[in-house]
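Here is the structure we will look at, set down as structure tokens.
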């Protein structure tokens, strides 16, 4: 399982995400936490590829087909 979190997300702050992912790991669920710069949803722009691109590049490879 993989989870993508953006470091400047104010909807789901990174500290909360880290705590909740650790709870899953402690409960025995393997979670690959991926952290990247950006906010809750980003359009592509300078220094930020955009949330859609992050999902394609970082999360889709973890999906079993």
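Here are some notes:
- Sole exception among (1) out of contact with any helix residue (DSSP H, G or I) (no Cβ under 8 Å at 6 or more places or on another chain); (2) surrounded by 12 or more Cβ atoms within 10 Å (Cβ to Cβ) for residue 36, by number: (1)
- Options 64, 54; residue that is in a helix (DSSP H, G or I) and without any contact (Cβ under 8 Å) to a residue 60 or more places away in the chain: 54
- Answer residue from the range 1-10, given it is exposed (fewer than 14 other Cβ atoms within 10 Å of the Cβ) and under 15 Å from residue 54 (Cβ atoms) and is farthest from the chain's Cα centre (by Cα) among those: 8
- Hits in the range 21-32 - residues which are under 26 Å from residue 48 (Cα atoms) and either modelled with pLDDT under 95 or exposed (fewer than 15 other Cβ atoms within 10 Å of the Cβ) (or both): 31, 32
- Any hit, the range 17-29, residues being touching a strand residue (DSSP E or B) at 6+ places or on another chain (Cβ under 6 Å) and assigned to a helix (DSSP H, G or I): yes
The values are calculated or read from the model by the stated rules, or taken from the named source; none is laboratory data. Nothing here was measured: the structure is a model prediction, and the numbers come from that model. Cβ atoms come from the backbone with ideal geometry, glycine included; neighbour counts cover every protein chain shown.
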